Amino acid sequence: MRKEFWMLLIVNGSIILYLFYKTFDLISLLGDDFHVELLTRNELRPVNYTKVLVDSGDDKDNQYKYIPDRPLLIPKIIHQTYIDENIPEKWQKTHESVLEYNPDYKYILWTDASSREFIKENYEWFLPTFDSYPYNIMRADVIRYFVLFHYGGIYIDLDNGCRQNMDPLLTVPAWLRRTEPTGVSNDLMGTMPNHPYFQKVLDNLQRFNRNWFISYTTIMFSTGPVMLSVLLKQYKRWGVPDSEKVRILEPLRNHTSPFFYQGQGSSWHQDDAKLIFMMGKHWFLVTLLGIALGLLFFYAQYKLFQLLPSFATAKRHTVRFLMRSKPLAKLFSKVFSALGINGAGDKRRGYDMINTRRRSSASDEAPSSSAFSSSPLRSWGSSRSTSPEAVMMADLEKDGANVVTINDFDYNDEGKSLMRPRSRNDDLV
């Protein structure tokens with residue numbers, strides 16, 4: 001194979017390996033169904049409480065305490081986010097169902113104003129990044145990570161409603177909902193305070209903050225589910241103790257007894273999201289198309305490298321044609337003279353250089369330093385840099401080209417050619 005092919009193969013192979021290294025966690029999600037981390041039916045069974053009499057003194061209202069049949073690791077706090085406190089009518093039903101099935105939970109609605117105030121008071125180092133996000137949904141994403149890490153509890157999107165009490169979800173250290181086709185979502189999450197996974201999320205938010213030019217991609221990869229999925233893959237790579245594991249809740253439609261149901265949502269999705277969803281449904285064809293385009297791009301590079309020598313040859317022939325053209329030679333002469341490159345008294349220097357090189361190549365012995373220093377070329381170079389025209393002529397003469405240049409014609413005082421070009425022998429010593 002040709003040298004160009006191997007060069008292209010090495011360069012493109014290095015680029016592919018680098019991209020594979022940078023996207024390995026994302027690619028590996030395609031083969032990870034989180035089977036090991038799934039919450040089991042037994043773990044999701046209802047929590048039974050035992051009524052225990054306690055000594056509360058004269059306070060008859062608090063004489064009894066309800067003890068769950070297993071420890072509740074996550075505090076009973078519900079977090080939701082919206083622009084302000086006026087929840088839209090389309091989400092009133094789902095919102096009310098959350099409160100109805102969990103009446104003993106503390107409820108916090110984080111608005112745009114309260115979210116920024118919380119970041120400013122508790123995580124001021126992140127405030128510049130928080131304010132710099134180009135889309136408001138990105139701030140809504142990150143505030144849920146911060147408040148869950150800070151307070152613990154369960155976060156629920158406003159478009160998700162409850163079908164039963166959420167107490168069974170409080171029995172594990174942390175959990176996320178699995179989404180399709182792969183990875184986890186950030187619309188339903190629960191954790192105890194200061195969980196190490198959510199600490200990892202907070203530590204990496206600034207690193208993932210990039211502009212991907214498409215709004216949907218920028219949101220998903222910077223603050224959304226893709227970022228969460230990649231960080232979860234990294235978090236569990238080397239194993240974590242049971243007390244710090246992140247468990248996975250099945251997708252809503254696959255669970256026979258779901259805790260939640262999906263209402264009207266995805267209000268921030270635009271046309272780019274619809275395109276990406278369509279590509280996800282036909283991922284196999286999209287993969288084949290990507291491979292075909294990659295091979296086509298590689299072939300185009302190879303053909304381009306093959307054509308480069310032809311371009312170089314064509315450029316050399318173009319230079320020779322221009323130097324043979326008398327009108328162009330005259331024009332070049334005037335331009336060079338105006339620039340001081342080939343002014344008066346410099347008419348024979350190009351041929352002086354050629355003759356010097358011709359004598360040097362014809363001799364079996366190298367010229368002495370004294371002879372070279374006394375040559376016209378040496379004396380000229382000591383006071384002025386080598387003329388570009390002379391260098392070009394020397395290269396063409398070396399190639400054996402029979403070239404007629406601006407120095408081969410005599411001109412009268414009016415700038416008209418005297419018809420007969422001077423013989424090359426006139427300039428030879």
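Every read-out reported here was derived from the displayed coordinates using simple, explicitly stated rules and does not represent laboratory data. None of these values were measured; they are calculated from a predicted model. Positions of Cβ are generated from backbone atoms using ideal geometry, with glycine treated the same way; all protein chains shown enter the neighbour counts.
On average, how much area does the Cα convex hull of the stretch 159-255 cover when viewed from any direction, in nm²?
Numbers: hull surface 29.3 nm².
Its Cα hull, projected and averaged over all orientations, spans 7.3 nm².
Take the Cα radius of gyration of the stretch 113-183 and divide it by 2.2 N^0.38 Å, with N its residue count; two decimals is plenty.
On the way: Rg = 14.5 Å, N = 71, 2.2 N^0.38 = 11.1 Å.
Dividing the Cα Rg of the stretch 113-183 by 2.2 N^0.38 Å gives 1.30.
What FRET efficiency would be calculated for the residue pair ASN194, TYR299, taking the C-beta separation as r and a Förster radius of 60 Å, to the nearest 0.05? List each step's numbers first, then the result.
Values: r = 54 Å, r/R0 = 0.90.
About 0.65, to the nearest 0.05.
Please compute the length gained on full extension between LEU288 and SER243, using 0.36 nm multiplied by the number of residues separating them and subtracting their Cα-Cα distance. Display every interim value, and only then the final one.
Working: separation 45, 0.36 × 45 = 16.20 nm, distance 4.24 nm.
So the chain would gain 12.0 nm between LEU288 and SER243.
Using just the C-alpha positions of the stretch 78-207 as equal point scatterers, what log10 of I(q)/I(0) does the Debye formula give at each q in 0.11, 0.14, 0.18 1/Å?
Log10 of I(q)/I(0), two decimals: -0.39, -0.64, -1.07.
At LYS3 and ARG163, where each label point lies 7 Å from the Cα along Cα→Cβ, what is the point-to-point distance in nanometres?
6.9
Could you work out, for the stretch 68-142, what percent of all Cα-Cα pairs fall into each 10 Å distance bin, beginning at 0 Å and stopping at the bin that holds the largest distance?
Per 10 Å bin, starting at 0, the Cα pair percentages come out as 16, 39, 30, 15, 1.
May I ask for the percentage of alpha-carbon pairs in the stretch 31-269 that lie more than 21 Å from each other? Write out the running numbers ahead of the final one.
Details: 16703 of 28441 pairs.
Everything past 21 Å amounts to 59 percent.
Can you work out ³J(HN,Hα) from phi for every residue in the stretch 84-94, in order, using Karplus 6.51 cos²θ - 1.76 cosθ + 1.60 and θ = phi - 60°, giving whole Hz and x for Gly and Pro?
Those phi angles translate into 9, 8, 8, 6, x, 4, 5, 10, 5, 5, 5 Hz.
How large is the convex hull of the Cα atoms of the stretch 80-121 per residue, expressed in Å³ as a whole number? Could the numbers behind the result be given before it?
Working: hull volume 2.6 nm³, N = 42.
Given the Cα convex hull of the stretch 80-121, per-residue volume reads 63 Å³.
Among residues other than LYS120 whose Cβ falls under 15 Å from its Cβ, what is the net charge (Lys/Arg +1, Asp/Glu -1)?
Numbers: positive: ARG116, ARG139; negative: ASP112, GLU117, GLU121, GLU124, ASP131.
Around LYS120, the surrounding residues sum to -3.
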